[in-house]
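Please treat every number below as a calculation from the coordinates, not as lab data. Predicted model, so just to flag it, every value in this text is computed and none were measured. With ideal geometry, Cβ positions are generated from the backbone for all residues, glycine too; neighbour counts draw on all protein chains shown.
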Amino acid sequence: MASPSTETPALPLHMRRERFDPPAEMREIREQPGLARVTTPIGRPAWLVTRYEDAREVLGDAARFSSAGLPVIPVPGTTPEEQRSGNLLMLDPPEHTRLRRLLTGEFTVKRIRRLQPRIAEIVDSHLDAMEQAGPPADLVPDFALPVPSLVICELLGVPYSDRAEFHRRAAKQLDLTRPLEERGMVAAQSRAYMAELVDRAFAAPGDDMLGMLVREHGDTLTRTELIGVASLLLIAGHETTANMLAIGTLALLRHPEQAALVRDDPNAAAPAVEELMRFLSVVHTGVPRTATAATRVGDQDIEAGDVLVVSLPAADRDRALVEDPDQLDVGRAASHHVAFGHGVHHCLGAPLARMEMATAFPALLRRFPTLAPAIPFSDVDFRSASVVYGLRSLPVTW
Amino acid sequence: MKIKADRDVCIGAGNCVLAAENVFDQDDDAIVVVLEESPEGKDADAARNAVGSCPSGALSLEE
Ligand code: HEM
Ligand code: HEM
Ligand code: SF4
């Protein structure tokens, strides 16, 4: 397994990037018939799905392509069943359907719209702090990471004062170059922490989402499931959006005329978010799928038990989705992208993530109209060896 | 144009509401509700867009 310092060359193709773009090889593979072979970070051979239509086919058919086949990392003190319990990403219908239906009510477009004023407040208070401290700032710790963290903490009912620890744990859990034992140990700590919060919610359910889930579904949701759900929401709820905010800002700053559009036109934010999502597709692949029977994808014979990884950035740069896919164009309607996944596992938090981004990007650009990277583009520290692509830091000035 | 929504298939992602607010809504469990079965003009375009962006395949339309 690669050490963090040698990350880029040792990474499998589906986790490599060239700054904003999938590696050039990915394009060649997409244009050849059949599917290429890759090896996942844990050393399993897999088929690489790169075309938009193939991606929608695989992600859209949970009966043919299971998400439940993944071996989980051994975590001290729990069984694999306990670890899967409540983790939507690793469940198939009908278990998946049952659990997802208990949660979707918390994430309707209407519910999330009610959070908008609070999200705007959180965004503004971080911009105030940046302004008071004066330039330069590091956009990752000063803005991109704390905003979605605070939002998901308030929503779930996780004390924000614990953030330093769970940030550290989440980053390690999603870092695929770390030794499995270490990721397992960290996962055990995360579970123990979440178990405490869940027990507190069962004892005295508050107004937050954990409290609401206990009040409304406490009779059907088990303690283990709630621990799984809460852990998933906490990690998925901030690592992803944080990386989009950081790398999305950099992409806008590299295209000043498009940044100006997002800054000046209130109607530009929502479509710009979709285009940034498509162009950057920060989640490399989603969970690997396992074929449940012999089948065919993209003119390739697949055997039962074969593993498939779907490259979301490759699919979102396919000409079958948009014209000039390698250009960022925040003015186009790109809402059919697969950056939030597709099929029954399509991102549960998408309405929240969209709201956070559509609030944060324009607010940042309006507050600092002269915002610019404080380092040369060639020195930007991209982070690849994680489930979520993004930036380690982004020094900015104004 | 006539819109059909299969509420058993819907996963409540809300893409349809964002794409065509006059045509779709979600109930308290986030499951799709069709507000306008036969949209016209701009709403018809928005509805076509919504059908394409639905991740679960719950939506279909007859032109
Ligand atoms: C949106 C959020 C997430 C996405 C897209 C995602 C996606 C992935 C991907 C692509 C892998 C690679 C597996 C391989 O290479 O074989 C993986 C592994 C894993 N993920 Fe996630 N993940 C997410 C969130 C989480 C969360 C919240 C947890 C735990 C609480 C988690 C637990 C794991 C574990 C335990 C593995 C290791 C599987 C293995 O290496 O055998 N994931 N995930
Ligand atoms: C820009 C930000 C985000 C991106 C790019 C993103 C991306 C994704 C992707 C690609 C998947 C599908 C994984 C697969 O098919 O294997 C997914 C699933 C999921 N996401 Fe997100 N996500 C984001 C924000 C959020 C937020 C804010 C939350 C929670 C509050 C969240 C919660 C989840 C959950 C719970 C799932 C699992 C759904 C299921 O398996 O049914 N995500 N996300
Ligand atoms: S987009 Fe599809 S899955 Fe999402 S709420 Fe609408 S009908 Fe349901």
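Residues that are more than 14 Å from ligand 1 (Cβ to nearest atom) number at least 3 in the following strands (runs of 3 or more DSSP E) confined to the stretch A:197-307: A:295-297, A:300-302. Hey, does the stretch B:6-19 have a residue that's crowded, with 23+ Cβ neighbours inside 10 Å, more than 10 Å from chain A (Cβ to nearest Cβ) and farther than 16 Å from A:L103 by Cα? Within the stretch B:6-19 (the criterion being crowded, with 23+ Cβ neighbours inside 10 Å, more than 10 Å from chain A (Cβ to nearest Cβ) and farther than 16 Å from A:L103 by Cα), the answer is no, since none of the residues qualifies.
Taken over the stretch B:1-37, the criterion of being of a type in the set (G, A, S) and in a loop (DSSP other than H, G, I, E, B) is satisfied by B:G12, B:A13, B:G14, B:A20, B:A30.
Restrict the check to the stretch A:291-308 and report whether at least one residue is under 30 Å from A:R111 (Cβ atoms) and touching a residue at least 12 places away in the same chain (Cβ under 8 Å). Taking every residue of the stretch A:291-308 in turn, none turns out to be under 30 Å from A:R111 (Cβ atoms) and touching a residue at least 12 places away in the same chain (Cβ under 8 Å). Each residue in the stretch A:50-86 was checked for being touching a residue at least 24 places away in the same chain (Cβ under 8 Å) and either within 14 Å of chain B (Cβ to nearest Cβ) or more than 13 Å from ligand 1 (Cβ to nearest atom) (or both), and 20 pass. Of the residues making up the stretch B:20-32, those that are near ligand 3 (Cβ under 9 Å from one of its atoms) and either in contact (Cβ under 8 Å) with a residue 24 or more places away in the chain or surrounded by fewer than 23 Cβ atoms within 10 Å (Cβ to Cβ) (or both) are B:F24, B:I31, B:V32.
A search for C-beta distances below 8 Å between a residue of the stretch B:45-63 that is under 16 Å from A:P351 (Cβ atoms) and any residue that is within 16 Å of ligand 1 (Cβ to nearest atom) and aromatic (F, W, Y), counting only pairs 6+ apart in sequence or on different chains, returns B:P55/A:F340. Of all the residues in the stretch A:79-92, those that are more than 12 Å from ligand 2 (Cβ to nearest atom), assigned to a loop (DSSP other than H, G, I, E, B) and more than 22 Å from A:G237 (Cβ to Cβ) number 1.
Within the stretch A:328-350, residues that are farther than 16 Å from A:L103 by Cα and more than 8 Å from chain B (Cβ to nearest Cβ) sit with their Cβ atoms under 9 Å from residues that are within 14 Å of ligand 2 (Cβ to nearest atom) and of a type in the set (S, T, Y), at 6+ positions apart or across chains, in these pairs: A:H337/A:S281; A:V338/A:S281; A:A339/A:S281.
Report, by residue number, each residue of the stretch A:299-358 that is of a type in the set (S, T, N, Q) and touching a Leu at 6+ places or on another chain (Cβ under 6 Å).
Result: A:Q300, single match.
The residues of the stretch B:50-63 that are more than 9 Å from ligand 3 (Cβ to nearest atom) and either surrounded by 19 or more Cβ atoms within 10 Å (Cβ to Cβ) or of a type in the set (A, V, I, L, M) (or both) amount to a single one, B:L61.
Listed here are the residues, each with its yes/no results for (1) away from ligand 3 (no atom under 16 Å from the Cβ); (2) part of a helix (DSSP H, G or I); (3) touching a helix residue (DSSP H, G or I) at 6+ places or on another chain (Cβ under 8 Å).
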| site | (1), (2), (3) |
| --- | --- |
| A:R114 | yes, yes, no |
| A:R118 | yes, yes, yes |
| A:Q132 | yes, yes, no |
| A:P135 | yes, no, no |
| A:V151 | yes, yes, yes |
